[in-house]
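Have a look at the structure below before the remarks.
The values are calculated or read from the model by the stated rules, or taken from the named source; none is laboratory data. All values reported here derive from a predicted model rather than from experimental measurement. With ideal geometry, Cβ positions are generated from the backbone for all residues, glycine too; neighbour counts draw on all protein chains shown.
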Amino acid sequence: MNKSGIRITEEGSFEQYYSIKRVAMMFEISEKTLRRIINDREIELIRIGGSIRLSESEIPKLFEKEPSVVSITNKFIL
């Protein structure tokens, strides 16, 4: 991945990655709210050095109507 947050996948296509701060700004929500949504929806994150990134393909999952079953189950177990 280069500094702009673009990664070439094994298939040769490009995937864009965004920081938590950038995604929060895009949707005009706080970083804290975004982190809560990520935890509720079981969104996949990638760590690059010291920063956490969210892939462009995961962003639509942020606003699905229902949290994942795994997330709901984990809340009852914990």
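Go through the stretch 7-32 and count every residue that is at pLDDT below 85 and in a loop (DSSP other than H, G, I, E, B).
Of the residues in the stretch 7-32, 5 are at pLDDT below 85 and in a loop (DSSP other than H, G, I, E, B).
If you scan the stretch 33-78, which residues turn out to be loosely packed, with under 10 Cβ neighbours inside 10 Å and at pLDDT 80 or above?
Those that are loosely packed, with under 10 Cβ neighbours inside 10 Å and at pLDDT 80 or above: ARG47, GLY49, GLY50, PRO60, PHE63.
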